[in-house]
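What follows is one structure encoded as structure tokens, with my remarks underneath.
Quick note: the coordinates plus some simple rules give every number you see, no bench work behind them. Only a predicted model underlies this, so the values are computations on that prediction, with no experimental measurement involved. Here the Cβ is made from the backbone with ideal geometry for all residues, glycine too, and neighbour counts use every protein chain on show.
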Amino acid sequence: MYRIGVVNFEGDAAEWAQLQAQLPNDWELHQAVLDKETIFDLLILLENTLEQVGATCARLLQINKETGSLIWIWSKTQNEMNRLVYLRLGADGVMTENISLEEWTLIVSNALRRKKNHPQKIREKESGETSNDGLVLNIKNRSVIVNDNEEVQLTNLEYKAMDLLVQNMGETVTYEEIYNAIWGDPESEHRKLYRISNLIFHIRKKFEAETGTSKPIRTVRSKGYILTFD
């Protein structure tokens, strides 16, 4: 099952049901809110008018910073310049009237299947990776790949925290080191600890959802966290 997020849907319930009926049965459709930490395999950005071009560009930049989801623009405007801009900003494609829904569905289904079933092949073609004892950090996708086949998608801040922990595998990383590496702005000690604990909590939840365990990140009481991977 693939999680598909639809951004900027303006129709009613009947139109939403019609959209769901046109897409494959293994696509789980959701109306996406980008300020929530929800992971999608594919994000569809709907663009209904030319006035929404600026908002579409801003969303593309935000998504590329925070997730490794596939991104397609569904545009009702046929503007070649806009399409080129979207592709340069990181969109995987732009759906236009020249592509049938059936053809588009096949293109995206193939990409989703490759991304899910062959993460190792994808990683071999990408740069900017950090590997340590069975964990691979993929900077392009903002993800951690465990045992070559389980990919945990992270937000930008979560990725920074994991990068620091992976670089210090088997060693305690203090609260202060984590805070300075990720935020660095002046805060009370209580507030610092809250922000760090909340961040690690979300990373653990994602690990547990994808791999069945949150054990790799252990708490070192009164000091910080340690990443171990046996």
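Neighbours of Ile73, meaning other residues whose beta-carbon lies under 11 angstrom from its beta-carbon, give a summed charge of +1 when Lys and Arg score +1 and Asp and Glu score -1. Using only the C-alpha atoms, the convex hull of the stretch 2-117 corresponds to 106 Å³ per residue. Restriction of the GluC sites (Glu not before Pro) in the stretch 1-61 to DSSP coil positions whose beta-carbon has at most 16 other beta-carbons within 10 angstrom yields Glu10, Glu37.
For Trp27, the residues whose amide H sits under 5 Å from its own are Tyr2, ignoring neighbours fewer than 5 places away on the same chain, with H placed 1.01 Å from N. Under a 5 Å amide H cut-off, with hydrogens placed 1.01 Å from N, Ala91 pairs with nothing among residues at least 5 apart or on other chains.
Between the amide H of Val6 and those of His30, Gln31, Ala32, Ile44, distances stay under 5 Å, these residues lying 5 or more places away or on another chain, with hydrogens modeled in the peptide plane.
Highest GNM mean-square fluctuation among Asn79, Asn98, Asn64, for the chain modelled with Cα contacts below 10 Å: Asn98. Counted by neighbouring Cβ atoms within 10 Å, the residues Met169, Met1 run from fewest to most as Met1, Met169. For the stretch 139-215, the orientation-averaged shadow of the C-alpha convex hull comes to 5.3 nm² (one quarter of the hull surface). With kT/(6 pi eta Rh) evaluated at 25 °C and eta = 0.890 mPa s, and Rh the Kirkwood radius from Cα pairs, the chain diffuses with a coefficient of 127 µm²/s according to Stokes-Einstein. In this structure, the residue pairs whose Cα-Cα separation is over 26 Å, taken from Lys160/Lys205; Lys76/Lys115; Lys76/Lys140; Lys65/Lys192; Lys115/Lys223; Lys160/Lys223, are Lys76/Lys115; Lys76/Lys140; Lys115/Lys223.
With the charge dipole of the chain set up from +1 on Lys and Arg Cβ and -1 on Asp and Glu Cβ about the Cα centre, the Cα lying farthest toward the positive end among the listed residues Gly68, His30, Asn156 is that of Asn156. Applying both filters, DSSP loop and at most 13 other Cβ atoms within 10 Å, to the trypsin sites (Lys or Arg not before Pro) of the stretch 1-96 gives Lys36, Lys76.
When the chymotrypsin sites (Phe, Trp or Tyr not before Pro) in the stretch 136-191 are filtered for DSSP coil states and for at most 16 other beta-carbon atoms within 10 Å of their beta-carbon, the remaining sites are Trp183. Charges were assigned to the Cβ only: +1 to each Lys and Arg, -1 to each Asp and Glu. The resulting dipole of the chain about its Cα centre is roughly 520 debye.
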